[in-house]
1. Given the C-alpha centroids of region 312-347 and region 163-214, what is the distance between them in whole angstrom?
2. Taking the 0 to 90 degree range and rounding to the nearest ten, how far is the long axis of helix 232-252 tilted relative to the main principal axis of the chain, both from C-alpha atoms?
3. Using bins 20 angstrom wide from zero, how does P(r) for the chain break down, in % of all Cα pairs?
4. Kindly state, to the nearest 0.05, the FRET efficiency for ALA91 paired with LEU273, given R0 = 56 Å and r defined as their beta-carbon distance.
5. Can you tell me the 0 to 90 degree angle between the C-alpha axis of helix 137-148 and the longest principal axis of the chain, rounded to 10?
6. Do you know the relative contact order of region 53-141, to the nearest whole percent, from alpha carbon pairs under 8 angstrom that are 6+ apart?
7. So, with +1 on the Cβ of K and R and -1 on the Cβ of D and E, and no other charges, what is the size of the charge dipole of region 190-268 about its Cα centre, to the nearest 20 debye?
8. Which of ILE223, LEU253, ALA264 sits farthest toward the positive end of the charge dipole of region 212-278, with +1 on the Cβ of Lys and Arg and -1 on the Cβ of Asp and Glu?
Amino acid sequence: MERALSAPGKLFVSGEYAVLWGGVARLVAVAPRTHAYVRRREDARVHVCLEEGTLAGSMTPRGVRWERDVPAGFSFVARTLDEALRAHGRASQGFDFAVAPSAVGPNGQKLGMGGSACATVLASEAARWVLDERYDALKLALLAHTQGQGGKGSGGDVATSFAGGVLRYRRYDVAALVEASNHGRLSAAMTESASVDVWRLPPPRVPMAYAFTGESASTRVLIGQVEARLEERGRQAFVARSDAVGQAVEDGLAGWDFRAFSEAVKAQHALLLELGPLETEGMRRVLSLAAAYGGVGKLSGAGAGDGCILFAPDVAARAELCEGLEARGFHTLLLEPEPGVRGEAHLDARLRAWVDALV
C-alpha cells in the first residue's frame, strides 16, 4: 500500500504580522511543489527519509518512540507523525515516509516559500491516509507546525499548502488541541473544535511573479523582534490598518484598476516597514526595477531577506520585468495559483529508492 503526494509552497500577498495578532492575511499557493511518498509496512516500525538521512522509530498510541534525538531537519515531520498517532490512539502497522527537499535558489539558499509548512502538511495527509483515519489533516498540521515553532507563526503557510489557490486566512488557535493531545483526546477535540477560518478567493487577474534576493531570513527570530518592539495597543492599531489595506489589495486582484491596486500594494509594503528594518538593499533594488517596468511589488513574508512578490499590468510586462531582474542577477519565478495537497499518479523515483534501501 503506497501513495505519492505533493503540496505547494506559499507566498504572502498581504497581512504579514497582522495575522499574528488577529488580522486577516491573503496568501497564494505557488510552485515549485514538494513531493512525498508513503508506504505501509508489515511491522510496527516507522522511518522518515529526507535528503540528509533517515530517522527510525516504533509506533505507539502516544506517538513514535524515536531511536535517537530528533535532528532539527526532521523536527516538523517527526512532530506531525507523533500527533497523527495520538489522534489514531491505538496500535497500528508502521509505515515509511519520504519527503523531497524544498526548492532552493541558484546559490543553494531556501526561497522562503514555507518548506517546513509544506513538509508538515504532507506528513499529516500521508499519515491520515496510511492509518485510514478521518481526522482533519489541516487542523493536525496547524497543531504540529505551531508547536514546532514554539508557538510562533500564524499557520497561514500551512493553510495555503493544504488548501491551495489564493486564500483569505485568519490565525487558528491551537491551544485547545495542544491540551487535548496532552490528555489523550486529540481526535475528539479536532472534531469538536471550530473550523479553520480560511476562504478561497477567485483566481487573480493580475499577473504575478517572485524575485528572490539571494538572502534568507529566520521568520521565528523576526517575529520575536517585532513583537518585542510593539505593545498590544500598537499591534491592534497595526491590524486595523493592515486589514483595510489588505481588503483593497484583495479587491485589486480582480484586475480592473491596476493603478489603484498598485497604490494598495505600496501601502501594504510601507506599513510593514513601520515595524522595523524589514527591507534589505536587495529588496529595494527589486522594487525599484519593478516600478521601472511598470509593475509593483512588496516584501512577502517576515522580511529582512527572502524575496518580493511582484505584480504587472499584463503578461508581456511581467515577462519583461522578470527578464530585467534576471539580467541583474535576481532569481525569478512566474507565479500561477497551485492546487493544495494532492495525490499524484506518478511518484518521485528518488523517494521510492530511499525507502527501498531501508533495512
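Only the coordinates and a few stated rules stand behind these numbers; no lab work does. Values in this document were obtained by computation on a predicted structure and should not be read as measured data. Positions of Cβ are backbone-derived with ideal geometry, glycine not excepted, and every protein chain shown enters the neighbour counts.
1. Spelled out, the Cα-based centre of one part sits 24 Å from the other.
2. Between helix and principal axis, roughly 80 degrees.
3. 31, 55, 14, 0
4. Details: r = 53 Å, r/R0 = 0.96.
Taking R0 as 56 Å, the efficiency between ALA91 and LEU273 is 0.55.
5. Helix 137-148 sits at roughly 80 degrees to that axis.
6. On the way: 92 pairs, mean separation 25.1, N = 89.
Rounded, it is 28 percent for region 53-141.
7. Values: 9 positive and 11 negative charges, 45 e Å.
I would put it at about 220 debye.
8. ILE223
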